Amino acid sequence: MADIIQLLPDHVANQIAAGEVVQRPASVVKELLENAIDAKATSITLLIKDAGKTLVQVTDNGIGMSVTDARLSFERHATSKIKSAEDLFNLHTKGFRGEALASIAAIAHVELKTKTENSEIGTHLTIEGSKVISQDPAVVPKGTTISVKNLFYNIPARRNFLKSNSVETRHIIDEFHRVALAHPSVAFQMLHNGSDVFNLPSSNSRQRIVNIFGSKTNEKLVPVSEETEILKIEGFVLKPEFGKKSRGEQFFFVNDRFIKSPYLHHAVASAFEGLVKNDIHPGYFLFLEVDPHSIDINIHPTKTEIKFDDEHSIYAMLRATVKHSLGQFNIAPVLDFERDKGFDTPYDYSKKQPTVPSIEVDRDFNPFKEKPKQGNINFPFKREQSASWESLYVGLKDETAAISGLEDIEFESEEVTGSLFGNSEAETGQITFQLQNKYIVSPLKNGMMIIHQNLAHQRILYEELLKNITVKEAVSQQLLFPLQLHFSKPDVEIIEKIREQLEHTGFIFSEMKEETIEISGIPVLILESHVVNLLNQLVHDIKEEVPDSGFSQNDKLAKSMAASMAIKTGVSLNKEEREHLINQLFACKEPSVSPNNKLVFTTLDANDIDKKFI
Ligand code: ADP
Ligand code: MG
């Protein structure tokens with residue numbers, strides 16, 4: 001048989017790779033703005049035509065490029081920002097992959113004008129579908145202008161896939177906000193079809209937020225500031241009363257890079273606990289600074305997630321800092337973390353004469369400065385953890401005389417150890433406890449099982465939902481007062497499209513028009529307060545095609561709903577809840593993997609444990 005493998009020509013390879021980097025005009029905006037920031041520009045102008053479908057142009061006054069660099073910048077893996085793999089762990093720039101310009105040039109008509117400070121004359125280069133059309137000297141100011149025209153002109157399928165102008169513009173504005181918020185000292189301008197959308201002078205971060213979101217924002221901001229050895233936090237949260245039902249003003253920046261982090265969002269949301277209703281999302285603009293060595297920027301070009309080495313400590317600090325700020329600015333009484341839970345609800349309260357409670361506000365309370373040695377320890381978890389352990393012991397004591405005096409047990413004796421495991425299962429039913437509000441640990445006859453609570457619950461919900469959607473037998477809980485929810489018009493259209501499937505899960509829509517949806521019944525599986533969240537997440541997932549396309553619509557819907565409904569990491573579960581979850585999990589068809597194929601539980605047997613003591 002003849003050889004059949006061929007290397008793809010560069011322009012085809014580029015086109016394929018471009019699909020990864022450039023999904024829509026907003027991706028071009030992000031890459032070009034970030035390049036301008038990396039080029040140390042102090043003033044950046046973004047010009048858009050037809051939601052970026054016809055033109056995206058970014059002009060900066062940064063360092064510019066030499067003649068050779070101008071040409072090289074469009075080669076794949078051409079970057080001035082890193083030299084070796086080690087540099088990946090010490091990033092101070094936005095870019096590092098060297099593939100944005102190559103990708104963009106593969107699928108659009110691109111024009112580059114650039115000049116460095118010291119050269120007399122600049123460069124004008126045009127490139128179409130990865131082919132250089134012309135490169136000439138040109139008289140241009142210092143800095144760089146890149147114009148990207150007719151995006152996806154050579155991939156009609158991609159072009160047709162673009163959403164309406166209003167949706168694409170919204171994506172562009174989102175990207176613009178993220179970069180502009182992260183760099184308040186840089187002046188930004190944005191024009192769409194010739195008219196001014198934003199004109200943001202160089203300023204501090206508070207002014208930048210106000211300039212973007214309107215003058216009324218100023219009085220809503222509560223400053224947040226903290227510095228410890230591993231983390232610096234600056235920024236603002238919005239006062240609780242300005243939280244919104246739909247997600248909106250939630251911004252995390254890590255080392256000036258916008259990131260999404262449901263985990264850190266949870267930390268902030270939990271600091272607002274008791275101050276906002278369950279279905280309200282607090283707004284925030286938080287700038288975190290960490291040692292670049294301690295994070296791992298996602299290698300995927302369009303992902304906004306990053307990994308922290310010490311996620312738990314960051315969670316704890318963030319939560320405590322936001323709580324502290326809310327207290328310090330008189331928004332909430334500061335809770336004393338050290339205080340015992342029981343202290344708040346004395347059980348002989350009923351016998352006492354009621355008195356007006358006085359609120360204790362400790363404005364100087366600072367968890368980090370007062371307890372420097374505890375600094376990077378996750379103390380807000382501590383209480384929960386010890387409580388779980390306590391309840392484990394309480395359970396043991398109640399149940400078996402053999403263990404009533406734990407100190408008396410001779411652990412060297414294999415027999416006793418054996419009976420310890422045996423007893424706990426046979427006589428006490430399931431003893432379970434929670435680890436870091438993330439895992440449920442349950443002893444087995446010969447070891448223990450560690451279950452990831454969030455993934456386990458996703459599996460349970462996914463199977464239940466999928467059954468409902470396909471077999472159509474879900475039960476609804478009727479709402480006494482129908483929920484009136486407001487969405488953007490395109491979002492309502494999306495919900496309209498999946499209306500039938502949603503109804504199979506138990507939703508009852510009494511009205512759906514323009515920008516309003518009225519719901520009079522919801523699935524029994526969810527709380528009324530979670531509905532907005534759930535629908536927002538669904539719409540988002542459908543727009544962004546999460547999980548990957550290729551699955552059936554029903555499957556995607558069930559996955560997405562399960563993901564947003566499942567108990568999150570960080571939520572503490574009581575004994576009944578833990579046991580219920582375990583029982584439900586093992587009633588599933590495939591308990592061992594989550595809907596997205598992640599491991600749900602693992603076991604550790606006595607042998608594994610024995611090995612640790614050798
Ligand atoms: P990356 O940003 O990952 O390095 P890009 O493809 O975005 O990759 O850019 C390639 C190179 O082109 C950059 O490393 C930089 O040297 C140069 N470059 C791109 N945009 C600009 C700009 N606006 N000003 C100066 N140099 C730029
Ligand atoms: Mg770049």
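The values are calculated or read from the model by the stated rules, or taken from the named source; none is laboratory data. These numbers come from a predicted model, not from an experiment. So basically every Cβ, Gly included, is an ideal-geometry build from the backbone, and we count neighbours across all protein chains shown.
What number goes with the only condition from (1) more than 28 Å from the chain's Cα centre (by Cα); (2) within 16 Å of ligand 2 (Cβ to nearest atom); (3) more than 30 Å from Glu117 (Cα to Cα); (4) β-branched (Val, Ile, Thr) that Val22 does not pass?
The number of the failed condition is (1).
Picking from Ser520, Ser510, Ser572, which residue would you name as being in contact with a helix residue (DSSP H, G or I) (Cβ under 9 Å, 6 or more places away or on another chain) and of a type in the set (S, T, N, Q)? Show your work before the answer.
Details: Ser520 fails: in contact with a helix residue (DSSP H, G or I) (Cβ under 9 Å, 6 or more places away or on another chain); Ser510 fails: in contact with a helix residue (DSSP H, G or I) (Cβ under 9 Å, 6 or more places away or on another chain).
Matching residue, one of Ser520, Ser510, Ser572: Ser572.
Name, by its number, the condition in (1) in contact (Cβ under 8 Å) with a residue 24 or more places away in the chain; (2) not assigned by the TED database to the domain that holds Glu500 that does not hold for Pro523.
The number of the failed condition is (2).
List every residue pair whose Cβ atoms lie under 7 Å apart, where the two residues are 6 or more positions apart in sequence or sit on different chains, the first residue falls within the stretch 454-480 and is at positive phi, and the second residue, located anywhere, is of a type in the set (A, V, I, L, M, F, W, C) and buried (at least 21 other Cβ atoms within 10 Å of the Cβ).
That search, which allows pairs on different chains as well, returns nothing.
Of the conditions (1) more than 8 Å from ligand 1 (Cβ to nearest atom); (2) touching a strand residue (DSSP E or B) at 6+ places or on another chain (Cβ under 7 Å), Gly52 satisfies every one except a single condition; which number is it?
Every condition holds for Gly52 apart from (2).
Is there any pair linking a residue in the stretch 493-509 that is within 14 Å of Val531 (Cβ to Cβ) to one that is surrounded by fewer than 20 Cβ atoms within 10 Å (Cβ to Cβ) and modelled with pLDDT of 85 or more, with Cβ under 6 Å and at least six apart or on different chains, and which?
Matching pairs, first to second residue: Ile508/Ser520; Ile508/Gly521.
Tell me, which helices (runs of 4 or more DSSP H) wholly within the stretch 464-555 include 1 or more residues that are β-branched (Val, Ile, Thr) and out of contact with any Leu (no Cβ under 8 Å at 6 or more places or on another chain)? Give the steps one after another, and end with the answer.
On the way: elements: 489-497, 499-505, 531-544.
Correct list: 489-497, 531-544.
Can you tell me which condition Phe152 does not meet? The list is (1) out of contact with any strand residue (DSSP E or B) (no Cβ under 9 Å at 6 or more places or on another chain); (2) surrounded by fewer than 18 Cβ atoms within 10 Å (Cβ to Cβ); (3) among the aromatic types (Phe, Trp, Tyr), and all the others hold.
That leaves (2) as the condition not met.
For residues that are touching a residue at least 40 places away in the same chain (Cβ under 8 Å), under 19 Å from Ala563 (Cβ atoms) and not small (Gly, Ala, Ser), tally how many sit in the stretch 227-254.
Residues in the stretch 227-254 being touching a residue at least 40 places away in the same chain (Cβ under 8 Å), under 19 Å from Ala563 (Cβ atoms) and not small (Gly, Ala, Ser): 1 in total.
When the residues of the stretch 556-614 are narrowed to those that are among the charged types (D, E, K, R) and not in a helix (DSSP H, G or I), which ends up farthest from His540 (Cα to Cα)? Steps first, please.
Residues of the stretch 556-614 among the charged types (D, E, K, R): 556, 559, 568, 575-579, 589-590, 598, 605, 608, 610-612.
Those left that are additionally not in a helix (DSSP H, G or I): 568, 589-590, 598, 605.
On the way: Lys568: 19, Lys589: 28, Glu590: 27, Lys598: 22, Asp605: 41 Å.
If we take residues in the stretch 556-614 being among the charged types (D, E, K, R) and not in a helix (DSSP H, G or I), then Asp605 is farthest from His540 (Cα to Cα).
Can you spot a residue in the stretch 144-151 that is out of contact with any Leu (no Cβ under 6 Å at 6 or more places or on another chain), part of a strand (DSSP E or B), away from ligand 2 (no atom under 15 Å from the Cβ) and under 17 Å from Phe74 (Cβ atoms)?
Scanning the stretch 144-151, I find at least one residue that is out of contact with any Leu (no Cβ under 6 Å at 6 or more places or on another chain), part of a strand (DSSP E or B), away from ligand 2 (no atom under 15 Å from the Cβ) and under 17 Å from Phe74 (Cβ atoms), so the answer is yes.
So which residues in the stretch 255-274 are of a type outside the set (S, T, N, Q) and either without any contact (Cβ under 8 Å) to a residue 24 or more places away in the chain or more than 24 Å from Gly214 (Cα to Cα) (or both)? Outline the logic, then answer.
Initial filter on the stretch 255-274 (of a type outside the set (S, T, N, Q)): 256-260, 262-269, 271-274.
Within the stretch 255-274, Pro262, Tyr263, Leu264, His265, His266, Ala267, Ala269, Ala271, Glu273, Gly274 qualify.
I'd like to check which strands (runs of 3 or more DSSP E) are fully inside the stretch 219-324 and have at least 2 residues that are crowded, with 18+ Cβ neighbours inside 10 Å and modelled with pLDDT of 90 or more. Quick ask: steps written out before the conclusion?
Details: elements: 221-227, 232-238, 250-254, 257-259, 284-289, 295-297, 306-308.
Where strands (runs of 3 or more DSSP E) fall fully within the stretch 219-324 and carry at least 2 residues being crowded, with 18+ Cβ neighbours inside 10 Å and modelled with pLDDT of 90 or more, they are 221-227, 232-238, 250-254, 257-259, 284-289.
If we keep just the residues of the stretch 1-29 that are surrounded by 24 or more Cβ atoms within 10 Å (Cβ to Cβ) and of a type outside the set (A, V, I, L, M), which is farthest from ligand 1 (Cβ to nearest atom)?
Applying the filter and picking the extreme gives Pro25.
Tell me which of these Ser84 doesn't satisfy, since it passes every other one: (1) within 38 Å of the chain's Cα centre (by Cα); (2) within 18 Å of Ala13 (Cβ to Cβ); (3) away from ligand 1 (no atom under 13 Å from the Cβ).
(2)
What pairs come up if the first residue lies in the stretch 161-180 and is over 23 Å from Ala39 (Cβ atoms), the second is among the aliphatic types (A, V, I, L, M), and their beta carbons are under 7 Å apart, counting only those six or more places apart or on different chains?
Note: pairs meeting the criteria are Asn165/Ala51; Glu168/Ala26; Glu168/Ala51; Glu168/Leu162; Thr169/Ala51; His171/Ala26.
In the stretch 75-128, which residues are modelled with pLDDT under 90 and more than 15 Å from ligand 2 (Cβ to nearest atom)?
Of everything in the stretch 75-128, those that are modelled with pLDDT under 90 and more than 15 Å from ligand 2 (Cβ to nearest atom) turn out to be Lys83, Ser84, Ala85, Glu86, Phe89, Asn90.
Taking the stated definitions as given, is Glu117 without any contact (Cβ under 8 Å) to a residue 60 or more places away in the chain, within 9 Å of ligand 1 (Cβ to nearest atom) and part of a loop (DSSP other than H, G, I, E, B)? Outline the logic, then answer.
On the way: without any contact (Cβ under 8 Å) to a residue 60 or more places away in the chain: yes; within 9 Å of ligand 1 (Cβ to nearest atom): no; part of a loop (DSSP other than H, G, I, E, B): yes.
No; evaluated as a whole, the condition is false for this residue.
Is it true that some residue in the stretch 40-54 is near ligand 2 (Cβ under 9 Å from one of its atoms) and either outside the structural domain of Asn193 (by the TED database) or touching a helix residue (DSSP H, G or I) at 6+ places or on another chain (Cβ under 9 Å) (or both)? Spell out how you get there, then give the answer.
Kept after step one, since they are near ligand 2 (Cβ under 9 Å from one of its atoms), are these residues of the stretch 40-54: none.
Looking through the stretch 40-54, none of the residues is near ligand 2 (Cβ under 9 Å from one of its atoms) and either outside the structural domain of Asn193 (by the TED database) or touching a helix residue (DSSP H, G or I) at 6+ places or on another chain (Cβ under 9 Å) (or both).
If I filter the stretch 87-99 down to residues being more than 7 Å from ligand 1 (Cβ to nearest atom) and out of contact with any Asp or Glu (no Cβ under 8 Å at 6 or more places or on another chain), which single residue comes out as nearest to Thr123 (Cα to Cα)?
His92
Please find, among Ala102, Ala108, Ala70, Ala41, the residue that is more than 13 Å from ligand 1 (Cβ to nearest atom), within 23 Å of Pro137 (Cα to Cα) and aliphatic (A, V, I, L, M).
Numbers: Ala102 fails: more than 13 Å from ligand 1 (Cβ to nearest atom); Ala70 fails: more than 13 Å from ligand 1 (Cβ to nearest atom); Ala41 fails: more than 13 Å from ligand 1 (Cβ to nearest atom).
The conditions single out Ala108.
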